[in-house]
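Working notes, structure below.
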Amino acid sequence: MIKNRRANLILALVIVIYTIGLYLFYFRYVPLVKPFQIALVPILLAILILTAIHSQWGTLLFIFAFPLINSLPYFFGIFENTPHAPTALVLFLFYFLGFLLHKLFYRSTISFKEPISKPLILFSITIFLSGIIAFLRYSNFYPFFSDRIYELTTSTYGVTAGGAIMSIVFFSLNYLTGFAFFFIFLNTVRSRDFIKKTLVILCLSTLISLSFGLFQHLKNMKLGNTPSRFVAGLINATFKDCLSFGGYIAIVAPLLLGVCLAFKGKLRVFSFLMIPLSVYLIFYTGSKSGLLCLLISLLIFSLLSLKVIFSLLKSRYYSLKKIRVSSWVVILLIFAILISVIAFKNYFVQNIKSSITVLRLKDFQAPLKYRIYNLGKLAVLMMKEYPLTGVGVGSYIIEVSNYSTLKKIYVDPESAENYILQVGSELGLVGVILVLWILWEIIKQIRSSYLKIPATDNYKFVLIGAIAGIVSFLLIIQTHTFIGSYEIKYTFWLLVGIVFCLGRPGEGKDEKYKQKPLFNKTQKIISLIVLSLFSAVHLWNSTHSLSLKNRTELLGIKQDFGFYQLEKTNEGREFRWTREYGGLTVKIEKPVIEIPLLASHPDIQQNPVKVKIYLVKNFFKQKKLLDELTLNQSIWKTCEYEVPEEVGQELILLVKVNRTWNPLKSLGTPDPRNLGVAMGKIEFKEKMDP
């Protein structure tokens with residue numbers, strides 16, 4: 001009783017901390033556009049409340065919603081040029097909170113009895129440790145070195161500390177939420193009946209998405225799409241982008257085929273109709289790898305299914321006559337589709353020939369070379385320099401421009417476009433080993449489930465469809481990592497969950513296995529040593545060669561943060577507004593520095609603005625306060641300071657104000673910025689004016 005009470009108190013504390021984190025995440029990364037919030041919030045509250053009340057219903061709602069909700073921001077003018085959290089991720093975070101509340105209310109436990117739990121938990125801890133250290137690095141080890149997180153420049157491409165931290169958060173959650181969904185699904189499924197409900201819901205969701213994709217293709221490509229995609233003639237249906245839509249089709253299509261063969265009635269008809277529609281629409285996603293992986297997965301499904309059918313015929317469980325009778329609906333549908341294709345032959349053939357995907361297939365060598373010799377080569381270089389730990393989770397996309405500058409290899413900052421190279425470059429050898437371990441456990445379970453389910457069981461076809469979909473995913477991530485496409489990762493882990501659930505032993509057969517601890521004493525010691533070594537090495541690298549100080553000096557990055565764009569007064573004076581702070585690299589040329597400042601707060605006379613001016617040395621390890629002044633008039637004031645000891649040095653000049661003002665809120669002018677003080681051109685001279 002005491003043990004259970006303690007566990008509930010710990011869970012309640014976890015829920016409180018998680019809720020605070022979710023609140024901060026939401027207001028930091030989710031666009032607070034009112035029409036968008038009106039559409040999004042009811043969905044989030046529905047999945048939160050439903051999951052808290054009934055975890056199975058909440059899980060079904062999540063499976064229905066995550067393929068459909070990804071393009072929701074586009075309907076409200078929120079496109080990829082506005083950095084924001086993917087909607088599927090936000091949906092999962094509320095779903096997960098509901099799951100935790102359900103566990104607290106109903107006092108149920110979470111099981112980690114499958115062997116794959118070991119590498120998944122260790123990999124999750126590795127990601128967490130790597131993310132924490134990378135966060136400290138890009139925040140300049142706030143609160144140890146800095147008094148706050150400044151928007152310091154982290155790469156030659158100009159990515160700021162805020163952008164780097166966002167990359168760490170999103171990349172980490174891309175891994176962790178996928179693992180969490182897998183564990184939730186395993187703990188939610190209690191019977192095959194629930195698996196069938198899952199398949200029905202997934203088919204319905206996929207049908208809606210495909211239908212919307214067809215509407216985009218035939219009627220309105222702009223609706224629910226990004227400007228860059230519809231200009232290129234690409235459709236995304238309800239997904240984040242066109243490549244995600246193509247990847248989803250490649251992964252789900254074989255499962256749809258398995259559902260078609262496993263079940264009868266309306267479910268068979270719906271799942272079958274979606275297959276030719278999927279094949280047709282993938283030509284308009286521009287996904288070359290998606291198309292190739294779709295063909296490979298369908299081939300794998302066909303070979304495994306034929307083996308099952310031949311074994312049935314050989315055992316005389318089914319006669320040819322019985323198979324023909326049970327497949328009448330499928331045969332008629334195939335015949336109807338063939339007639340349609342013949343009738344509209346020119347339309348379909350010409351459209352497919354002129355599709356973006358086919359055109360891209362004609363020139364696949366250049367993109368392939370770019371990924372191998374540019375993105376891939378730089379990933380390998382990161383692995384060589386930091387073999388144990390990599391550069392940190394979410395940091396490849398930041399460091400790739402730095403390596404590009406150093407090695408003179410042109411790249412656009414993006415992911416490594418190869419899953420193993422992405423993991424190796426960010427998490428090193430430890431990460432690669434754990435990923436291979438996870439893959440090995442999945443392969444073992446695929447074999448176990450395949451051997452366990454007899455050919456006479458209709459769910460054998462569902463299993464084969466899931467297996468083919470998993471193979472499709474494993475192939476497609478060799479050319480696209482889907483770091484920002486959470487819906488693809490959730491789809492993959494859903495298929496893996498189906499494979500594990502179908503291969504479960506019967507009731508009572510695993511009771512002995514359930515009582516075994518997940519890690520024995522030796523495994524705990526080894527894991528602790530490896531994770532401690534990983535953390536120590538990664539922390540050392542982050543405070544030395546990977547530190548912002550080292551990168552700034554090595555790459556000659558000029559720190560310029562907290563300022564808005566350059567402006568001019570009517571008299572021609574150049575100046576820039578700060579936010580609540582502003583910093584820039586200056587070289588002290590002479591013993592006296594002149595800094596022109598202006599504060600224009602409407603209430604400046606009643607509430608003066610306080611300004612602190614610092615010279616920052618050794619990348620915030622030392623700060624010299626030049627002055628602390630009060631501005632009570634909206635006029636330019638030139639501040640002079642003697643800095644003879646700093647002559648010839650490059651330092652960061654930092655200006656901080658005690659408050660900002662917003663012209664839009666205060667005066668109604670069309671300027672939504674939060675303004676601190678205006679800083680004019682900095683000058684140097686030999687001595688101060690008398």
Positive dipole terminus of the chain, leading residue within VAL657, PHE128, ILE525 (C-beta point charges): ILE525
Surface per residue (accessible, 1.4 Å probe) for region 391-550, Å²: 41
Apportionment of accessible area to carbon and sulfur, the chain, percent (1.4 Å): 64
Per residue solvent-accessible surface (Å²) - region 223-311, probe of 1.4 Å: 33
Quarter of Cα convex hull surface for region 70-159, i.e. mean projection, nm²: 10.1
Cα centroid separation, region 650-682 to region 71-125 (Å): 38
Whichever lysines have a C-alpha closer than 16 Å to that of LYS240, once near sequence neighbours (fewer than 8 apart) are set aside: LYS222, LYS489
Cα centroid separation, region 625-639 to region 8-49 (Å): 42
Heavy atoms of GLU686: accessible area, 1.4 Å probe, square angstrom to 10: 120
Inverse mean reciprocal Cα-Cα distance (Kirkwood Rh) of the chain, Å: 28.4
Within the chain: Cβ-based charge dipole about Cα centre, in debye rounded to nearest 20 (Lys, Arg +1; Asp, Glu -1): 3400
Global geometry of region 530-605, whether rounded, prolate or oblate, following the gyration tensor of its Cα atoms and the 1.5 cut on a/c: prolate
Gap separating the Cα centres of region 558-614 and region 169-188, nearest whole Å: 45
Cα-based equivalent ellipsoid, region 135-239: semi-axes from gyration tensor eigenvalues, Å: 39, 27, 7
Cα-based equivalent ellipsoid, region 635-682: semi-axes from gyration tensor eigenvalues, Å: 31, 11, 9
Trypsin sites (Lys or Arg not before Pro) within region 486-591, DSSP loop, no more than 16 other Cβ atoms inside 10 Å: LYS509, LYS558, ARG573
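Grab the DSSP H runs of the chain that are 4 residues or longer, score each as -39,500 (n - 2.57), total them, divide by all residues and round the 222 nm result to the nearest 500 deg cm²/dmol.
Only helices count here, giving -19000 deg cm²/dmol.
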Accessible area (Å², per residue) of region 625-673, counting only protein heavy atoms and a probe of 1.4 Å: 58
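The values are calculated or read from the model by the stated rules, or taken from the named source; none is laboratory data. Here the structure is a predicted model, which is why all the values come from computation and not from measurement. As a convention, Cβ positions derive from the backbone with ideal geometry for all residues, glycine included, and neighbour counts pool all protein chains shown. For the accessible areas, the whole protein counts, side chains as well, though only heavy atoms, and no ligand, DNA or RNA atoms are used. Shrake-Rupley method; radii C 1.70, N 1.55, O 1.52, S 1.80 Å.
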